[in-house]
């Protein structure tokens with residue numbers, strides 16, 4: 001059951017935005033997303049929240065500037081997803097351009113797990129660094145920081161994940177979500193936090209006269225990396241994040257990007273001159289993520305760090321192959337998951353679902369959880385076996401259930417059940433002993449049932465209402481595509497009734513339609529459709545551009561379809 005609602009566009013706000021020169025359709029869409037003044041859509045770099053507003057960014061800058069002046073050895077410890085990889089690349093490129101002695105280390109997700117663990121600190125200690133800098137991790141690494149202290153290594157934590165009650169005893173912590181931080185953009189990604197620290201460092205070095213005899217680097221050249229990591233990590237696109245993404249996309253469209261990002265576009269058969277936020281989330285991001293899921297994210301980071309176009313393309317093609325392999329593995333796992341679900345009692349249709357299979361791949365369980373969550377509209381954890389009798393789970397949630405808070409409640413009710421856990425509202429990870437999986441499954445279902453209201457368990461599709469027939473055009477599709485949409489600032493979704501003139505099924509799973517609304521005729525497609533319409537249908541759809549043999553035409557991407565009498 002899907003409940004369809006229409007976003008409210010206050011007429012006075014729409015009128016005001018139109019008076020300020022906004023296209024009438026954009027005025028309606030933006031008013032529905034809480035925009036009240038055109039100035040909120042100013043995505044120039046000068047509109048960014050200043051680095052001084054981020055708690056401890058200035059202290060981190062002092063620490064790093066002292067380290068550079070002392071020629072200290074630095075080591076960045078990243079994460080194995082796209083946010084972690086881009087944050088590592090931002091740190092490496094920025095610090096090297098400032099003359100720092102810096103290297104990076106990424107944990108193997110299959111051996112060392114996530115974050116600044118004592119094990120990865122022991123590996124890091126073999127390189128004898130003076131300072132460890134974490135990116136996109138570390139806020140929960142109490143033991144890892146303690147181990148670094150035992151080795152005599154200083155630690156700078158840069159992270160954006162939610163902290164536990166106790167913070168690690170690091171030399172400096174930069175995290176907008178730590179207690180006492182008033183930074184307005186709480187949803188900045190890990191790569192954004194690192195970018196801010198690098199801006200603060202450059203300002204500190206400028207203050208010290210460091211650039212009197214050497215060129216000052218332009219960190220705008222890193223914005224393509226920041227945009228990619230921000231969109232791929234599915235953080236909310238508040239205004240500050242939209243500025244970062246907009247500036248990164250502008251550079252990509254102008255051909256000013258890292259050769260690795262250009263190579264990823266090329267391997268995917270996409271033109272960066274037409275880059276959109278959707279491309280970063282669904283085309284480039286997954287290819288980079290595939291390295292961390294199936295192989296070693298060092299490959300992904302190397303792609304972002306190399307300045308050799310032929311090497312970048314070689315790596316991008318390897319990543320493209322890994323991504324195809326990931327899709328095949330995921331497809332098989334999804335079939336198994338659905339069979340598992342069918343075997344459950346009707347009474348077991350719980351508010352929260354946890355699944356486990358011995359054959360599942362640890363690197364793909366997050367995507368699997370996401371697919372099952374979309375299908376069932378329930379919070380889902382998918383677990384795969386790890387080493388030493390543990391199972392590692394990745395969870396995805398629905399509005400109404402803060403996943404990390406739910407795990408916190410599970411941990412409080414069954415002390416010792418969770419070996420480790422962490423994450424955000426909509427995505428989180430958990431590790432348990434294999435023999436405790438059933439206990440976790442039962443407790444997670446119980447907690448989800450308590451935290452979710454019955455209305456939360458009904459899928460709600462928010463639309464922007466009707467799209468006038470004259471706007472169903474290539475020009476409108478281009479207009480919409482050039483704007484910045486994403487998590488928390490959703491791409492337009494329209495709802496209309498159409499006559500169905502033709503329909504056919506492609507590859508047994510996609511529905512191709514020829515539709516008419518008044519005098520307007522338009523092609524539409526629904527991927528993985530479940531029902532065919534009659535002569536008339538009601539659709540929730542996105543207006544997109546279909547490119548075939550070099551010819552572009554408007555097309556409706558159907559997200560929800562209802563037959564009509």
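Picking from residues in segment 275-294 that are without any contact (Cβ under 8 Å) to a residue 60 or more places away in the chain and out of contact with any helix residue (DSSP H, G or I) (no Cβ under 7 Å at 6 or more places or on another chain), the one that is surrounded by the fewest Cβ atoms within 10 Å (Cβ to Cβ) is 282.
Please indicate, with yes or no, whether at least one residue in segment 100-107 is modelled with pLDDT under 95, out of contact with any strand residue (DSSP E or B) (no Cβ under 6 Å at 6 or more places or on another chain) and assigned by TED's automatic domain parsing to the domain that holds residue 285. Yes, segment 100-107 contains a residue that is modelled with pLDDT under 95, out of contact with any strand residue (DSSP E or B) (no Cβ under 6 Å at 6 or more places or on another chain) and assigned by TED's automatic domain parsing to the domain that holds residue 285. Test residue 36 against the stated conditions and say whether it is surrounded by fewer than 17 Cβ atoms within 10 Å (Cβ to Cβ), part of a loop (DSSP other than H, G, I, E, B) and under 28 Å from the mean Cα position of the chain (by Cα). In short, yes. All of 102, 123 fail the test of being over 28 Å from residue 185 (Cα atoms) and buried (at least 21 other Cβ atoms within 10 Å of the Cβ), apart from 102.
Considering segment 389-426, the residues that are over 16 Å from residue 354 (Cα atoms) and assigned to a strand (DSSP E or B) include one that is nearest to the chain's Cα centre (by Cα), namely 423.
Residues in segment 123-150 that are in a loop (DSSP other than H, G, I, E, B) and in contact with a strand residue (DSSP E or B) (Cβ under 9 Å, 6 or more places away or on another chain): 10 in all. Taking residue 237, is it closer than 24 Å to residue 405 by Cβ and buried (at least 17 other Cβ atoms within 10 Å of the Cβ)? So residue 237 passes the test.
Is it the case that residue 268 is within 25 Å of residue 396 (Cβ to Cβ) and touching a helix residue (DSSP H, G or I) at 6+ places or on another chain (Cβ under 9 Å)? So residue 268 passes the test.
Residues that are free of Cβ contacts under 8 Å to residues at least 60 places away in the same chain, surrounded by 14 or more Cβ atoms within 10 Å (Cβ to Cβ), under 30 Å from residue 366 (Cα atoms) and within 27 Å of the chain's Cα centre (by Cα) do not occur anywhere in segment 20-33. Scanning segment 70-83 finds no residues that are within 22 Å of residue 183 (Cβ to Cβ), more than 25 Å from the chain's Cα centre (by Cα) and surrounded by fewer than 16 Cβ atoms within 10 Å (Cβ to Cβ). Scanning segment 243-267 for residues that are without any contact (Cβ under 8 Å) to a residue 60 or more places away in the chain, surrounded by 19 or more Cβ atoms within 10 Å (Cβ to Cβ) and part of a loop (DSSP other than H, G, I, E, B) turns up just one, 257.
Based on what the data block shows, is residue 179 surrounded by fewer than 17 Cβ atoms within 10 Å (Cβ to Cβ), without any contact (Cβ under 8 Å) to a residue 40 or more places away in the chain, within 24 Å of the chain's Cα centre (by Cα) and assigned by TED's automatic domain parsing to the domain that holds residue 134? For residue 179, the condition - surrounded by fewer than 17 Cβ atoms within 10 Å (Cβ to Cβ), without any contact (Cβ under 8 Å) to a residue 40 or more places away in the chain, within 24 Å of the chain's Cα centre (by Cα) and assigned by TED's automatic domain parsing to the domain that holds residue 134 - is met. Filtering 392, 373 for residues that are under 21 Å from residue 142 (Cα atoms), buried (at least 19 other Cβ atoms within 10 Å of the Cβ) and in contact with a strand residue (DSSP E or B) (Cβ under 9 Å, 6 or more places away or on another chain) leaves a single hit, 392. For residues that are out of contact with any helix residue (DSSP H, G or I) (no Cβ under 7 Å at 6 or more places or on another chain) and in a loop (DSSP other than H, G, I, E, B), scanning just segment 331-350, find the one that is modelled with the highest pLDDT. So, considering only residues that are out of contact with any helix residue (DSSP H, G or I) (no Cβ under 7 Å at 6 or more places or on another chain) and in a loop (DSSP other than H, G, I, E, B), the one modelled with the highest pLDDT is 343.
Only one entry in 342, 335, 328 is without any contact (Cβ under 8 Å) to a residue 12 or more places away in the chain, exposed (fewer than 14 other Cβ atoms within 10 Å of the Cβ) and under 30 Å from residue 191 (Cβ atoms), namely 328. When segment 1-32 is filtered for residues that are within 20 Å of residue 478 (Cα to Cα) and part of a loop (DSSP other than H, G, I, E, B), the ones remaining, listed by number, are 21, 22, 23.
The condition (being within 30 Å of residue 91 (Cβ to Cβ), touching a helix residue (DSSP H, G or I) at 6+ places or on another chain (Cβ under 6 Å) and crowded, with 23+ Cβ neighbours inside 10 Å) is satisfied by just one residue among 382, 316: 316.
Selection of strands (runs of 3 or more DSSP E) fully inside segment 427-520 by the criterion of at least 1 residues being free of Cβ contacts under 8 Å to residues at least 60 places away in the same chain and surrounded by fewer than 19 Cβ atoms within 10 Å (Cβ to Cβ) returns 427-433, 494-506, 510-517.
Regarding residue 369, is this residue under 26 Å from residue 449 (Cα atoms), part of a loop (DSSP other than H, G, I, E, B) and in the same structural domain as residue 382 (by TED's automatic domain parsing)?
No, not satisfied.
Flag not set for residue 224, criterion: at pLDDT below 95, closer than 17 Å to residue 281 by Cβ and buried (at least 22 other Cβ atoms within 10 Å of the Cβ).
The values are calculated or read from the model by the stated rules, or taken from the named source; none is laboratory data. If you're wondering where the values come from, they're calculated on a predicted model, not measured in any experiment. For neighbour counting, all protein chains shown are included, and Cβ atoms are generated from backbone atoms with ideal geometry for every residue, glycine included.
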